[in-house]
Amino acid sequence: IGVVFFVSRGEMQPLFKKMEEFMEISYRKMTLSDIGQAVEIINRHANEGLMLEKTHVNLLVCLPNFFVAVTNNGVVGVCGLKIWPTGDAEIISSCVIEDYHGQGVGKHLNNLTLAFAKELGLSRVFLLTTQVDFYKKIGFVVVSKQALAFKVYSDCLHCRRNKKGDPEFAFTRDCPDT
(Lines give C-alpha, C1' and ligand atoms only; values in the text may rest on other atoms or scores of the structure.)
Protein backbone atom coordinates (compact mmCIF):
# COMPACT_ATOMS: atom_id res chain seq x y z
CA ILE A 1 0.00 0.00 0.00
CA GLY A 2 1.42 3.33 -1.01
CA VAL A 3 0.46 6.87 -0.22
CA VAL A 4 0.62 9.59 -2.82
CA PHE A 5 0.75 13.26 -1.91
CA PHE A 6 -0.28 15.88 -4.40
CA VAL A 7 1.74 19.01 -3.80
CA SER A 8 2.10 21.99 -6.03
CA ARG A 9 5.51 22.85 -7.42
CA GLY A 10 5.58 26.06 -5.32
CA GLU A 11 5.09 24.09 -2.08
CA MET A 12 7.94 21.70 -2.94
CA GLN A 13 10.57 24.41 -3.51
CA PRO A 14 11.07 25.25 0.23
CA LEU A 15 11.13 21.55 1.08
CA PHE A 16 13.84 20.79 -1.49
CA LYS A 17 15.82 23.84 -0.38
CA LYS A 18 15.76 22.63 3.25
CA MET A 19 16.77 19.10 2.24
CA GLU A 20 19.67 20.49 0.19
CA GLU A 21 20.99 22.43 3.16
CA PHE A 22 21.01 19.38 5.44
CA MET A 23 22.64 17.11 2.88
CA GLU A 24 25.53 19.41 2.03
CA ILE A 25 27.27 19.88 5.36
CA SER A 26 31.05 19.91 5.18
CA TYR A 27 33.52 20.02 8.04
CA ARG A 28 36.90 21.73 8.10
CA LYS A 29 39.27 23.90 10.08
CA MET A 30 37.96 27.39 10.65
CA THR A 31 39.37 30.10 8.37
CA LEU A 32 39.64 33.85 8.76
CA SER A 33 36.50 34.33 6.68
CA ASP A 34 34.49 32.11 9.10
CA ILE A 35 35.27 34.12 12.24
CA GLY A 36 32.39 36.62 11.97
CA GLN A 37 29.74 33.93 11.57
CA ALA A 38 31.34 31.76 14.25
CA VAL A 39 31.35 34.64 16.77
CA GLU A 40 27.68 35.28 15.99
CA ILE A 41 26.72 31.62 16.59
CA ILE A 42 28.81 31.33 19.76
CA ASN A 43 27.48 34.57 21.22
CA ARG A 44 23.89 33.61 20.43
CA HIS A 45 24.46 30.54 22.63
CA ALA A 46 26.31 32.65 25.21
CA ASN A 47 23.33 35.01 25.44
CA GLU A 48 21.23 31.97 26.37
CA GLY A 49 23.72 31.26 29.17
CA LEU A 50 25.09 28.12 27.51
CA MET A 51 28.73 29.17 27.12
CA LEU A 52 31.19 32.01 27.43
CA GLU A 53 31.08 34.84 24.90
CA LYS A 54 33.88 35.13 22.36
CA THR A 55 35.23 38.08 20.43
CA HIS A 56 36.82 38.13 16.99
CA VAL A 57 40.20 38.42 18.73
CA ASN A 58 39.47 35.37 20.94
CA LEU A 59 38.85 33.25 17.84
CA LEU A 60 41.68 34.75 15.84
CA VAL A 61 44.19 33.80 18.56
CA CYS A 62 42.88 30.20 18.62
CA LEU A 63 42.08 29.93 14.90
CA PRO A 64 44.13 26.75 14.24
CA ASN A 65 42.27 24.98 17.07
CA PHE A 66 38.73 25.47 15.73
CA PHE A 67 36.55 23.43 13.40
CA VAL A 68 33.38 24.52 11.62
CA ALA A 69 30.44 22.83 9.96
CA VAL A 70 29.51 24.67 6.78
CA THR A 71 26.62 24.63 4.29
CA ASN A 72 25.93 26.78 1.25
CA ASN A 73 24.46 29.29 3.72
CA GLY A 74 27.68 29.53 5.75
CA VAL A 75 28.81 28.33 9.16
CA VAL A 76 26.21 26.26 11.04
CA GLY A 77 28.38 24.84 13.83
CA VAL A 78 31.61 25.51 15.72
CA CYS A 79 33.87 23.59 18.09
CA GLY A 80 37.31 24.47 19.44
CA LEU A 81 40.13 23.28 21.64
CA LYS A 82 41.81 25.39 24.32
CA ILE A 83 45.13 24.18 25.71
CA TRP A 84 45.81 25.32 29.25
CA PRO A 85 49.28 26.05 30.70
CA THR A 86 48.79 22.93 32.85
CA GLY A 87 48.86 20.82 29.68
CA ASP A 88 45.16 20.06 29.97
CA ALA A 89 42.88 20.64 26.99
CA GLU A 90 39.31 21.89 27.00
CA ILE A 91 36.64 21.60 24.32
CA ILE A 92 35.23 25.12 24.00
CA SER A 93 32.49 26.93 22.13
CA SER A 94 30.85 23.75 20.88
CA CYS A 95 27.57 24.84 19.36
CA VAL A 96 25.30 24.27 16.39
CA ILE A 97 22.51 26.51 15.14
CA GLU A 98 19.08 25.16 16.04
CA ASP A 99 18.03 24.22 12.50
CA TYR A 100 20.83 21.63 12.47
CA HIS A 101 20.22 20.04 15.88
CA GLY A 102 19.72 16.29 15.68
CA GLN A 103 21.68 15.98 12.43
CA GLY A 104 24.93 14.71 14.02
CA VAL A 105 26.71 18.04 13.43
CA GLY A 106 27.69 18.57 17.08
CA LYS A 107 28.87 14.98 17.43
CA HIS A 108 30.99 15.24 14.28
CA LEU A 109 32.55 18.56 15.34
CA ASN A 110 33.41 17.18 18.78
CA ASN A 111 34.93 14.04 17.22
CA LEU A 112 37.08 16.17 14.90
CA THR A 113 38.24 18.19 17.90
CA LEU A 114 39.06 15.01 19.86
CA ALA A 115 41.06 13.62 16.94
CA PHE A 116 42.93 16.92 16.67
CA ALA A 117 43.73 16.80 20.41
CA LYS A 118 45.13 13.31 19.89
CA GLU A 119 47.28 14.57 16.97
CA LEU A 120 48.72 17.17 19.34
CA GLY A 121 49.75 14.42 21.73
CA LEU A 122 46.96 14.92 24.25
CA SER A 123 45.35 11.88 25.81
CA ARG A 124 42.28 13.44 27.41
CA VAL A 125 40.07 16.52 27.14
CA PHE A 126 37.53 18.10 29.47
CA LEU A 127 34.63 20.52 29.25
CA LEU A 128 32.02 22.24 31.40
CA THR A 129 28.45 22.20 30.12
CA THR A 130 24.76 22.04 30.89
CA GLN A 131 24.22 19.72 27.91
CA VAL A 132 24.50 16.56 30.01
CA ASP A 133 22.55 14.12 27.82
CA PHE A 134 24.36 15.09 24.62
CA TYR A 135 27.85 14.67 26.08
CA LYS A 136 27.01 11.39 27.82
CA LYS A 137 25.64 10.08 24.51
CA ILE A 138 28.92 10.83 22.69
CA GLY A 139 31.12 9.14 25.29
CA PHE A 140 32.02 11.82 27.85
CA VAL A 141 32.01 10.97 31.56
CA VAL A 142 30.97 13.27 34.41
CA VAL A 143 33.81 14.20 36.80
CA SER A 144 34.11 16.42 39.84
CA LYS A 145 34.64 20.12 39.18
CA GLN A 146 37.36 20.08 41.84
CA ALA A 147 39.48 18.09 39.39
CA LEU A 148 39.39 21.15 37.13
CA ALA A 149 40.25 23.80 39.72
CA PHE A 150 42.50 25.72 37.30
CA LYS A 151 39.55 26.13 34.91
CA VAL A 152 36.96 26.89 37.55
CA TYR A 153 39.06 29.61 39.14
CA SER A 154 39.89 31.39 35.91
CA ASP A 155 37.16 31.28 33.23
CA CYS A 156 34.29 30.38 35.55
CA LEU A 157 34.77 33.49 37.67
CA HIS A 158 33.67 35.57 34.65
CA CYS A 159 30.75 33.39 33.58
CA ARG A 160 27.25 34.77 34.09
CA ARG A 161 25.98 31.22 34.68
CA ASN A 162 28.34 30.88 37.64
CA LYS A 163 27.21 34.24 39.04
CA LYS A 164 23.57 33.08 38.94
CA GLY A 165 24.46 29.79 40.61
CA ASP A 166 23.23 27.69 37.68
CA PRO A 167 24.68 24.19 37.65
CA GLU A 168 27.25 23.22 35.08
CA PHE A 169 28.72 19.76 34.87
CA ALA A 170 32.34 18.80 34.30
CA PHE A 171 33.02 16.06 31.75
CA THR A 172 36.12 14.33 30.51
CA ARG A 173 36.88 11.91 27.69
CA ASP A 174 39.93 10.09 26.43
CA CYS A 175 41.06 11.02 22.94
CA PRO A 176 40.46 8.16 20.50
CA ASP A 177 43.32 6.18 19.06
CA THR A 178 43.82 7.08 15.43
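Would you kindly find the accessible area of Lys29, with a 1.4 Å probe and non-protein molecules such as ligands, DNA and RNA excluded, rounding to the nearest 10 Å²? Approximately 80 Å² of Lys29 is accessible to the 1.4 Å probe. For Leu120 and Val141, a Förster radius of 30 Å and the Cβ-Cβ distance give a FRET efficiency of 0.90, rounded to the nearest 0.05. Surface calculation, 1.4 Å probe, protein heavy atoms: Leu60 sits at approximately 90 Å² accessible. Annotation for Thr55 and Trp84: the two label points, set 7 Å from Cα along the Cα-Cβ direction, are 2.3 nm apart. Largest accessible area first, the listed residues Met30, Met51 line up as Met51, Met30 when surface is computed with a 1.4 Å probe on the assembled protein chains. Around the amide H of Ile92, modelled in the peptide plane, lie the amide H atoms of Gly80, Leu81, Lys82, all under 5 Å away and 5 or more residues distant in sequence or on another chain. The figure for Tyr27 is an accessible area of roughly 70 square angstrom, using a 1.4 Å probe on the protein chains alone.
The values are calculated or read from the model by the stated rules, or taken from the named source; none is laboratory data. This one's a predicted model, so the numbers in the text were calculated from it and none came from an experiment. In this analysis, Cβ positions are derived from the backbone assuming ideal geometry, glycine residues included, and neighbour counts consider all displayed protein chains. Only protein heavy atoms, including side chains, enter the accessible area calculation; ligands, DNA and RNA are left aside. Shrake-Rupley method; radii C 1.70, N 1.55, O 1.52, S 1.80 Å.
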